[in-house]
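Novice: First the structure, then my questions, so here it is.
The values are calculated or read from the model by the stated rules, or taken from the named source; none is laboratory data. From a predicted model like this one, the values you see are computed outputs, not experimental measurements. Positions of Cβ are generated from backbone atoms using ideal geometry, with glycine treated the same way; all protein chains shown enter the neighbour counts. Areas reflect the complete protein model, heavy atoms only, side chains present, ligands, DNA and RNA absent. Shrake-Rupley method; radii C 1.70, N 1.55, O 1.52, S 1.80 Å.
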Amino acid sequence: MKLIITPDYDELSRRGAALMADLIASKPDAAVILATGETPMGMYRELAAIRQRSGLDTSRLRVFQLDAYLGLGPDDPRSLYGWMKRSFLDPMQIPDTNVVRLPGDAPDPRAVCAAYEQAVEAAGGIDLSVLGLGPNGHLGFNEPPAEPRSPSRVIDLTEESIESNARYWGGRDRVPRQALTAGMSVLLASRHVLLVASGERKAGILQRALQGPVTPQVPASYLQQAPRLTVIADQDAAALLRRYS
Ligand code: GLP
């Protein structure tokens, strides 16, 4: 594991964007899984700025959606695909044809999860998964308990996740109760995982994920066994990591 601790969120965003830019420069058609959520937004903005400045061609990336609420179409303002489109696909000029969605509104959600896994396989696996850290240790929407071999699937959201996502959608009643997520198996097989964590509220769970026991109760703890993991955390999120205590 490579752990990078930055003084603040802006530096976290710059370091993350630099890592992504290096990957894209060496493999312009890299297959990537991208988290939404607040944490990677600064990084995506920085990457867009790098693209503007240097002419880096980001348009050939093959993007896989990490997670989606069940029952929401792409045009619903709460759709995570819509969020990814606004924050990443459009600024990076990535055409829809380069994107593998987890369509939350598909009539047969189980079938689309299977198709998603086939698409990952057809792409030759994932080069980079960019992940945030749920307050309960979830990755994507792999809610605890989550086994490392769990496939891409429909999942019931935990109360904690509903609560923590309520702030985006104007109250907990507006948060859907089920979601689709890329499976732990897909994420852990990625050739490289970048985990980003920012702020005090992530300090406890980041410590458990990186230094606690590897357990289904903290899905992110399986990252300790990932082939290649880079963690970028700002000082506040890293505050409880043991070498800092
Ligand atoms: C959400 C999403 C994850 C995201 C995580 C952290 O519930 N399902 O994909 O990475 O929680 O979000 P944030 O970066 O806003 O803290």
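Novice: Between Trp83 and Lys2, what FRET efficiency follows from the Cβ-Cβ distance if R0 is 35 Å, with the result rounded to 0.05?
Specialist: Values: r = 28 Å, r/R0 = 0.79.
For Trp83 and Lys2, the calculated efficiency is 0.80.
Novice: Continuing with this model, one more query. Leaving out same-chain residues fewer than 8 places away, which lysines sit with a Cα under 24 Å from that of Lys202?
Specialist: Once the sequence-local lysines are set aside, what remains near Lys202 is Lys2.
Novice: Excluding residues on the same chain fewer than 8 positions from Lys85, give the lysines whose Cα lies under 25 Å from its Cα.
Specialist: Qualifying lysines at Cα under 25 Å: Lys27.
Novice: Right, here's the next one. So for the chain: antiparallel DSSP bridges make up what percent, rounded to the nearest 5? Write out the running numbers ahead of the final one.
Specialist: Values: 9 of 31 bridges.
Of those bridges, close to 30 percent are antiparallel.
Novice: So if we plug the beta-carbon distance of Ala18 and Ala166 into 1/(1 + (r/R0)^6) with R0 = 22 Å, what FRET efficiency do we get, rounded to 0.05?
Specialist: Numbers: r = 33 Å, r/R0 = 1.51.
The value I calculate is 0.10.
Novice: Enter the mean projected area of the convex hull around the alpha-carbon atoms of segment 136-225, in nm², rounded to one decimal. Walk me through the numbers on the way to the answer.
Specialist: Values: hull surface 23.2 nm².
Answer in nm², one decimal: 5.8.
Novice: Take the alpha carbon gyration tensor of segment 134-181, find the square roots of its eigenvalues, order them as a ≥ b ≥ c, and report rounded if a/c is under 1.5; if not, report prolate when a/b exceeds b/c, else oblate. Kindly include the intermediate steps, with their values, before the conclusion.
Specialist: Details: a/c = 2.77, a/b = 1.87, b/c = 1.48.
Here segment 134-181 falls in the prolate category.
Novice: At 7 Å along the Cα-to-beta-carbon direction for both Arg110 and Arg243, put a label point, then send me their distance in nm to one decimal.
Specialist: 4.6 nm
Novice: Assuming a ≥ b ≥ c are the square roots of the Cα gyration tensor eigenvalues, decide whether the chain counts as rounded (a/c under 1.5), prolate (otherwise, with a/b larger than b/c) or oblate. List each step's numbers first, then the result.
Specialist: Numbers: a/c = 1.34, a/b = 1.04, b/c = 1.29.
It is rounded, given that a/c, with a ≥ b ≥ c, falls under 1.5.
Novice: Report the relative contact order of segment 53-173, percent, no decimals, based on alpha-carbon pairs under 8 angstrom and at least 6 residues apart.
Specialist: Working: 112 pairs, mean separation 25.6, N = 121.
Once divided by the residue count of segment 53-173, the mean separation gives 21 percent.
Novice: Ok, one more. As I understand it, the dipole of the chain uses +1 on the Cβ of Lys and Arg and -1 on the Cβ of Asp and Glu, about the Cα centre. Which of Leu180, Ser79, Ala48 lies farthest toward its positive end?
Specialist: Ala48
Novice: If you plug each phi of segment 110-125 into the Karplus form 6.51 cos²θ - 1.76 cosθ + 1.60 with θ = phi - 60°, what whole-Hz ³J(HN,Hα) values come out, in order, with x for Gly and Pro?
Specialist: Each residue's phi maps through the Karplus curve to give 5, 5, 6, 5, 5, 5, 4, 5, 5, 5, 4, 5, 5, 7, x, x Hz.
Novice: Let me have the relative contact order for the chain, percent, based on Cα pairs under 8 Å that are six or more residues apart. Could you put the intermediate results ahead of the total?
Specialist: Working: 519 pairs, mean separation 57.8, N = 245.
Relative contact order for the chain comes out at 24 percent.
Novice: With the full set of protein chains in place, find how many percent of the accessible area of the chain is carbon and sulfur; take the probe as 1.4 Å.
Specialist: Details: 5070 of 10490 Å².
Solvent-exposed carbon and sulfur of the chain make up 48 percent of the total.
Novice: If you don't mind, another one. Any idea of the accessible area per residue across the chain, 1.4 Å probe, to the nearest Å²?
Specialist: Details: 10490 Å² over 245 residues.
So the chain comes to 43 Å² accessible per residue, rounded to a whole number.
Novice: Can you work out the FRET efficiency for the pair Arg177 and Arg53, with r the C-beta to C-beta distance and R0 = 35 Å, to the nearest 0.05?
Specialist: Values: r = 43 Å, r/R0 = 1.22.
E between Arg177 and Arg53, to the nearest 0.05, is 0.25.
Novice: For segment 97-174, what are Rg and Dmax over the alpha carbons, in angstrom?
Specialist: Rg, Dmax (Cα atoms, Å): 14.2, 40.
Novice: Return P(r) of segment 1-137 (all Cα-Cα pairs; 5 Å bins starting at 0; whole %; ordered from short to long distances).
Specialist: 2, 10, 19, 23, 21, 15, 8, 3, 0, 0
Novice: Taking amide H positions as placed in the peptide plane 1.01 Å from N, state which residues far from Leu70 in sequence (5 or more) or on other chains have amide H under 5 Å from it.
Specialist: Gln178, Ala179, Leu180
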